[in-house]
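The values are calculated or read from the model by the stated rules, or taken from the named source; none is laboratory data. Here the structure is a predicted model, which means the values were calculated and not measured. For neighbour counting, all protein chains shown are included, and Cβ atoms are generated from backbone atoms with ideal geometry for every residue, glycine included. These accessible areas exclude ligands, DNA and RNA; they are computed on the full protein's heavy atoms, side chains included. Shrake-Rupley method; radii C 1.70, N 1.55, O 1.52, S 1.80 Å.
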4 protein chains.
Amino acid sequence: MKIGFVGLGNMGAPMARNLLKAGHALQVFDVSAAAVQALAEAGAVPAASPKAAATAAECVITMLPAAAHVRSVLTGDDGVLAGVAQGVTIVDSSTIDPASVKAFAELAQRQRNAFVDAPVSGGTGGAVAGTLTFMVGGSTDAYEHVKPVLSAMGRNIVHCGDTGTGQVAKICNNLVLGVTMAGVAEGMALGEALGIDPKVLASIMNTSTGRCWSSDTYNPFPGVIDTAPSSRGYTGGFGTDLMLKDIGLATDAAKSVRQPVFVGALAQQLYQAMSTNGAGKLDFSAVIKLYRRDADEA
Amino acid sequence: MKIGFVGLGNMGAPMARNLLKAGHALQVFDVSAAAVQALAEAGAVPAASPKAAATAAECVITMLPAAAHVRSVLTGDDGVLAGVAQGVTIVDSSTIDPASVKAFAELAQRQRNAFVDAPVSGGTGGAVAGTLTFMVGGSTDAYEHVKPVLSAMGRNIVHCGDTGTGQVAKICNNLVLGVTMAGVAEGMALGEALGIDPKVLASIMNTSTGRCWSSDTYNPFPGVIDTAPSSRGYTGGFGTDLMLKDIGLATDAAKSVRQPVFVGALAQQLYQAMSTNGAGKLDFSAVIKLYRRDADEA
Amino acid sequence: MKIGFVGLGNMGAPMARNLLKAGHALQVFDVSAAAVQALAEAGAVPAASPKAAATAAECVITMLPAAAHVRSVLTGDDGVLAGVAQGVTIVDSSTIDPASVKAFAELAQRQRNAFVDAPVSGGTGGAVAGTLTFMVGGSTDAYEHVKPVLSAMGRNIVHCGDTGTGQVAKICNNLVLGVTMAGVAEGMALGEALGIDPKVLASIMNTSTGRCWSSDTYNPFPGVIDTAPSSRGYTGGFGTDLMLKDIGLATDAAKSVRQPVFVGALAQQLYQAMSTNGAGKLDFSAVIKLYRRDADEA
Amino acid sequence: MKIGFVGLGNMGAPMARNLLKAGHALQVFDVSAAAVQALAEAGAVPAASPKAAATAAECVITMLPAAAHVRSVLTGDDGVLAGVAQGVTIVDSSTIDPASVKAFAELAQRQRNAFVDAPVSGGTGGAVAGTLTFMVGGSTDAYEHVKPVLSAMGRNIVHCGDTGTGQVAKICNNLVLGVTMAGVAEGMALGEALGIDPKVLASIMNTSTGRCWSSDTYNPFPGVIDTAPSSRGYTGGFGTDLMLKDIGLATDAAKSVRQPVFVGALAQQLYQAMSTNGAGKLDFSAVIKLYRRDADEA
């Protein structure tokens, strides 16, 4: 399939490479000429603008940092909507707010194009390995149409419901993640302060009702899980600033529907405090440093 | 073994029955004569006081609502310490604060007796089935000594470390549990408000980073997990008032060591608000009612 | 002075009337023709658009619900910036985010016009009486220029600093207000539950370190302050949804500069919970209903 | 009047001196012999125990750190209740939990003595100057009886209601204080981060709805109020650990009556975080250091 791809950052570049490997023809654009050049060397056709990338494409994929970038890439004078044909499916894999998704979908529909939100989980590792999870919001037809394309980049392609529900799934999951990590950090730090061996505490938690991904896979206490960022100085995982972005999208969406999110809003402040103190680039599990008095300062 | 057993409530009675089934000789006491009578019919020797239950016993087990009861049962004029021989291990399976455990252990040691804290998880179902988890705090010797006895009542007998660490494990786990449940409640209610099917949302969460016992086993949204209390009107699970007791022990212990527990303290207030509003007897997952506007009032 | 005035709602209409009373010539616009007609009867010249209201004006004042309205009124095809001359001062008295203020100021400057943010406190009562407080952000020149105009509508015209600082003053004040009200509500409800006469408690608080406007002027407990909304069924004061808007601006601004606002974010959730439960139109001091078990439901 | 006085610390010693100055005869006891000696030099009769201090006294006053000390001083073998005559009024000016007050009052009543709780506000400065506020819980008779005595030590002697309500008034006030200070700290720090002059912001707040003792008298931002601890390095005021004690009494009392205190519990965690980080001896307004990124570390 001929695919336009816009956004070749840490996530987008390896995703685009996996599409090339699967035999798709790619027209790629990024604000970084070097990023475009690197993909061109891998077989993609470089495009001079989002518009050019979208021209004559059967499918357009965007992977961008925030809603403002998506808006600009889609609706700018040189944007995707200015170049795209009719009957095309536009897939946005960025993590953005559900309200923007609905606005973009409406613009696409006016052009007789489908718009699908398909944010991912799995991180840069999953992007490289092609094992991402895609949470897809859109009509069943649109979902079926893009599923083969997304399958070249991910392992689980989940249909979440109508337009916007892909983003809803992602931000609700990450709200829960932000809260459970803060809870595990408090529980582990409290246990340490009260004199229990952190490994013993984690082993009990992980076979009991406190069990969660934040404890059994990504435990914030150093040394408990060898493969977790906490065991390598909180580097190389899911950065605090990224968590802050996602949990901010969740509390904003909650505000838009007047839905209280007590512990979510508090967890957001904890990650904000980390970011303020210069720990924004550390893995978000470093939130435990707010609780451990003998830990080195973040 | 000849065992003194004090406290024959919802948990203690089935635990004592399992000891009888395993062939132990029991001397039992409870403030309820009916409870004592019921156990006597099952083969236990009724005792007129904690002291009488402890007399000539090789091991004494207490299973009581709170530290004040344990104190009174141990140190009263007719208490366990007034009747017990030397070289006996006293096992307290109540959930109480770690500081009280240490005080009781000291009193026992003065008498040349060992004291072990061994709070349980698994609820009344686990007590009846003999599948409880025991979190044991005490010396290795004491742990090895009581392990066979506890094995008649539970499946996992975990040595957590020195005296008090059994309670630390339990309250830290339940702190995390109280937080994760509140987080899942917020995430599920937010998803509902934003228009995603709750079953779809839960299925994504449960295979992603939001995965936790509160979501995959005990999901607070009605109908998501058939066997969860949420699917039967929030009855018959872990009562809100019990969660409130445990999370209160955790925040009190945190206060005693000046350890902040931000989200834990907030979750405590949420359960307190439920209790204030008359929902104290409902399963604690009913906390989701604080968030769902169309849910029937708690 | 010839003044263009856009936005004739509950606040804007009485403000415009006070300008007329002070002898200014007004060109007025509102999306409601009836609102324009009412002002025309009071002596203003009706305008067909923001552009028309701004044409030939020496000063333009906008008083609108949110930043999106200000943007549209200023930058639309029929907007203020399309009609205004050079050397004019545009005063926005809406409560909006400081970042939008800076963007609008830049647009105005490109036209060689000054832009001043001048949000108010004092409510509709103060708007009618002409006793508002204006918090003015802008250059000293611009402040001096508009001070006489604002003085026709308010009693205190405070220069807060550069562009945007008027909004900063307002949202920081209202953040503190939202927190103190929640705190007083908790303290008063706790006192009631513990058996002290609420009037006695308030009188102590108001002569002690708990003293605050939320306690001594606007106490949320019914009957403590006769003139407070709490003593008339929480009607006719500062609506919860308005507090929610202002505290939302504060937490959003905090997010934009990565500044934690722990208690502010929590207070926001409390007002959000009220709004969810249908109490959004009640005075914000009705937050105490979340705490009082025998109070009628909000 | 012949008065027994137990507890000669930072508060008790100057209070006792003021009683001496007013012409009362004092029998004094403290665990510190030096403290007793100092008072003896000022004219008091040294006593060897609380019992001795209470013997033949017409009124007994205790001023101690916590409920456990009061219990021991009252009920110990050498305690006040062992030495006191009948018809005496026992005044406890310590800040303790209302439930303990009721227990002590019952013990006193069995001896036909009255018990009055009379915690103070005003700090060591007020204790020296004799300008304390006494919040008195007890019968009207008991209040009238002790009022002249308390007037020698304080300026406002407020009758709060029945036994325990003095403590209720104090802890509810200090709950509100703890919350308002955290709120002001957030508002001031946010204003700073958004670029407004802190003095300007405070002056607006202090004439507007954010006005409170924590802002207009004790502003946490250095340099805003010359006489506030924030302007002298957060020394010499109301220590964080003392705030933590009082707000802990409030949240504990709330727990005992199942009353939610959302923002109060969160403020408690903030002060706990300060204490954890070694700032427990600083004035509690140093909580603003949690928010200001360029402030020197607490």
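Screening the stretch A:227-236 for residues that are open to solvent by less than 40 Å² (accessible area, probe 1.4 Å) and out of contact with any Gly (no Cβ under 7 Å at 6 or more places or on another chain) and picking the one that is nearest to A:THR276 (Cα to Cα) gives A:TYR234.
Taking the stated definitions as given, is C:MET135 out of contact with any Leu (no Cβ under 6 Å at 6 or more places or on another chain) and farther than 26 Å from D:GLY191 by Cβ?
In short, no.
The set of residues from the stretch A:77-107 being open to solvent by 10 Å² or more (accessible area, probe 1.4 Å), of a type outside the set (Val, Ile, Thr) and assigned to a loop (DSSP other than H, G, I, E, B) comprises A:ASP77, A:ASP78, A:ALA85, A:GLN86, A:GLY87, A:ASP97. Among the residues making up the stretch A:16-25, those that are under 22 Å from the mean Cα position of the chain (by Cα) and not polar (S, T, N, Q) are A:ALA16, A:ARG17, A:LEU19, A:LEU20.
Selection of the stretch D:164-206 for residues being more than 7 Å from chain C (Cβ to nearest Cβ), surrounded by fewer than 24 Cβ atoms within 10 Å (Cβ to Cβ) and in contact with a strand residue (DSSP E or B) (Cβ under 9 Å, 6 or more places away or on another chain) yields D:SER203, D:ASN206. If only residues of the stretch B:209-230 that are farther than 30 Å from A:GLY123 by Cβ and of a type in the set (Gly, Ala, Ser) are counted, the one that is nearest to the other protein chains (Cβ to nearest Cβ) is B:ALA228.
I need the full set of residues from the stretch C:124-142 which are more than 13 Å from C:ALA169 (Cβ to Cβ) and either surrounded by 19 or more Cβ atoms within 10 Å (Cβ to Cβ) or in contact with a strand residue (DSSP E or B) (Cβ under 8 Å, 6 or more places away or on another chain) (or both), in order please. First the steps, then the outcome.
Residues of the stretch C:124-142 more than 13 Å from C:ALA169 (Cβ to Cβ): C:124-132, C:139-142.
Listed by number, the residues that qualify are C:GLY126, C:ALA127, C:GLY130, C:THR131, C:LEU132, C:SER139, C:THR140, C:ASP141, C:ALA142.
Quick one: which of D:ALA152, D:ALA57, D:ALA114 is small (Gly, Ala, Ser), away from every other protein chain (no Cβ under 14 Å) and without any contact (Cβ under 8 Å) to a residue 40 or more places away in the chain? Exactly one residue qualifies, and that residue is D:ALA114.
Any residue at all in the stretch D:38-60 that's in contact with a Ser or Thr (Cβ under 6 Å, 6 or more places away or on another chain) and under 30 Å from D:ASN174 (Cα atoms)? Show your work before the answer.
Here is the first cut: in the stretch D:38-60, the residues in contact with a Ser or Thr (Cβ under 6 Å, 6 or more places away or on another chain) are D:59.
From what is left, the residues that are under 30 Å from D:ASN174 (Cα atoms) are D:59.
Looking through the stretch D:38-60, at least one residue is in contact with a Ser or Thr (Cβ under 6 Å, 6 or more places away or on another chain) and under 30 Å from D:ASN174 (Cα atoms).
Of the set (1) of a type outside the set (Phe, Trp, Tyr); (2) more than 7 Å from every other protein chain (Cβ to nearest Cβ); (3) touching a helix residue (DSSP H, G or I) at 6+ places or on another chain (Cβ under 7 Å), all apply to B:GLU144 but (3).
Restricting attention to the stretch D:1-18, the residues that are touching a helix residue (DSSP H, G or I) at 6+ places or on another chain (Cβ under 6 Å) and open to solvent by 60 Å² or more (accessible area, probe 1.4 Å) total 1.
Report yes if C:SER285 is among the small types (Gly, Ala, Ser), assigned to a helix (DSSP H, G or I), modelled with pLDDT of 95 or more and touching a helix residue (DSSP H, G or I) at 6+ places or on another chain (Cβ under 6 Å), otherwise no.
On the way: among the small types (Gly, Ala, Ser): yes; assigned to a helix (DSSP H, G or I): yes; modelled with pLDDT of 95 or more: yes; touching a helix residue (DSSP H, G or I) at 6+ places or on another chain (Cβ under 6 Å): yes.
So C:SER285 fits the description; yes.
This table checks each residue for (1) more than 16 Å from A:THR62 (Cα to Cα); (2) hydrophobic (A, V, I, L, M, F, W, C).
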position	(1), (2)
A:ILE90	no, yes
A:THR95	no, no
A:SER100	no, no
A:ARG110	yes, no
A:VAL120	no, yes
A:VAL128	yes, yes
A:THR131	yes, no
A:PHE134	no, yes
A:HIS145	yes, no
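All conditions but one from (1) more than 10 Å from chain C (Cβ to nearest Cβ); (2) without any contact (Cβ under 8 Å) to a residue 60 or more places away in the chain; (3) in contact with a Ser or Thr (Cβ under 9 Å, 6 or more places away or on another chain); (4) not in a loop (DSSP other than H, G, I, E, B) apply to D:GLY248; the one that does not is (3).
Residues to consider are B:ILE157, B:ILE171; find the one that is of a type in the set (Val, Ile, Thr) and over 22 Å from B:THR217 (Cα atoms). Working first, answer last.
On the way: B:ILE171 fails: over 22 Å from B:THR217 (Cα atoms).
Testing whether each residue is of a type in the set (Val, Ile, Thr) and over 22 Å from B:THR217 (Cα atoms) leaves just B:ILE157.
If a residue has to be of a type in the set (D, E, K, R), more than 7 Å from every other protein chain (Cβ to nearest Cβ) and either under 19 Å from the mean Cα position of the chain (by Cα) or more than 20 Å from C:PHE221 (Cα to Cα) (or both) to count, how many in the stretch C:254-289 make the cut? Give the steps one after another, and end with the answer.
Applying the first criterion (of a type in the set (D, E, K, R)) to the stretch C:254-289 yields C:255, C:258, C:281, C:283, C:289.
Next, only the ones that are more than 7 Å from every other protein chain (Cβ to nearest Cβ) stay: C:281, C:283, C:289.
Cutting the leftovers down to either under 19 Å from the mean Cα position of the chain (by Cα) or more than 20 Å from C:PHE221 (Cα to Cα) (or both) gives us C:281, C:283.
Counting residues in the stretch C:254-289 that are of a type in the set (D, E, K, R), more than 7 Å from every other protein chain (Cβ to nearest Cβ) and either under 19 Å from the mean Cα position of the chain (by Cα) or more than 20 Å from C:PHE221 (Cα to Cα) (or both) gives 2.
Here is the figure for the stretch C:252-265: residues that are part of a helix (DSSP H, G or I), closer than 22 Å to D:GLN268 by Cα and in contact (Cβ under 8 Å) with a residue 60 or more places away in the chain total 2.
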